[in-house]
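For reference, the structure is listed below as structure tokens.
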Amino acid sequence: MKKTILFLAILFSSSFILAQAKTTEALQARFDKSLSLYFYKNTLRMLNQSDNKDFDEMIRNIEKLKFLMVDKGDKNFDMKDYKKLMKDYQSESYESVLTSRMQGKNFDVYVRDVKGSTLGTVVLVNDSTSLFVLDMIGTIDLNKVGTLFSTIDESTDIGEKIKSFMGNKNKEYKNKIDN
């Protein structure tokens, strides 16, 4: 009986360690109409339509990825909100490891490291109209962050969902203006 209780306690506590960031969950709750997609290792591999060995190597250490897309105009998300978001990740023991710009987008990468082992990685991709969050259980080579984002963004199926999501947002906005 004691072994069963110990096993359940370890299993229960490990689920907290491997959970994705609470800050990401709070952001999704605030923007309840945001686009949210989940990828597990197998579904990430399905993005690799060309059987690119480099892509397989890039996602090798990612167990789960949550992709969240927020329309910043939806609830007036501004730079003050973005800075608060970054502080919220840091309060969850995520450390800022990379800040970069690529094709008009700002990339901020945060890593949660415990005793030399990376448990989680959060990539914030921010532009003038949208905020993209890639919240990973696991890690990625920091030199490949832009490639992962581009692959997800350019994937036919996911790209259609993103365009559809943005198209619906634009239609809702136009209807508000017209009425």
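Within the stretch 66-158, report the trypsin sites (Lys or Arg not before Pro) that DSSP leaves as loop and that have at most 10 other Cβ atoms within 10 Å.
Lys115
Determine, for the stretch 36-98, the count of lysine pairs separated by eight or more sequence positions (or lying on different chains) whose alpha-carbon distance falls under 14 Å. Write out the running numbers ahead of the final one.
Working: Lys41/Lys64; Lys41/Lys66; Lys72/Lys80; Lys72/Lys83.
Close lysine pairs under the 14 Å cut-off: 4.
Expressed as a whole number of Å, what is the distance separating the alpha-carbon centroids of the stretch 27-51 and the stretch 66-82?
What the calculation gives is 17 Å, centre to centre.
For the stretch 70-148, calculate the relative contact order in percent as a whole number, restricting contacts to Cα pairs under 8 Å that are 6 or more residues apart.
Numbers: 115 pairs, mean separation 18.5, N = 79.
Once divided by the residue count of the stretch 70-148, the mean separation gives 23 percent.
Can you give me the long-range amide H partners of Lys64? Hydrogens built in the peptide plane at 1.01 Å from N, cutoff under 5 Å, separation of 5 or more residues or another chain.
Ile137
Quote the relative contact order of the stretch 91-137 in percent (integer), defining contacts as alpha-carbon pairs under 8 Å separated by 6+ residues. Spell out each step's value before the answer.
On the way: 87 pairs, mean separation 13.0, N = 47.
Here the relative contact order equals 28 percent.
Each reported figure results from applying straightforward, stated rules to the coordinates on display, with no laboratory input. This one's a predicted model, so the numbers in the text were calculated from it and none came from an experiment. A quick note on method: Cβ atoms are made from the backbone with ideal geometry, for glycine too, and the neighbour counts reach across all protein chains shown.
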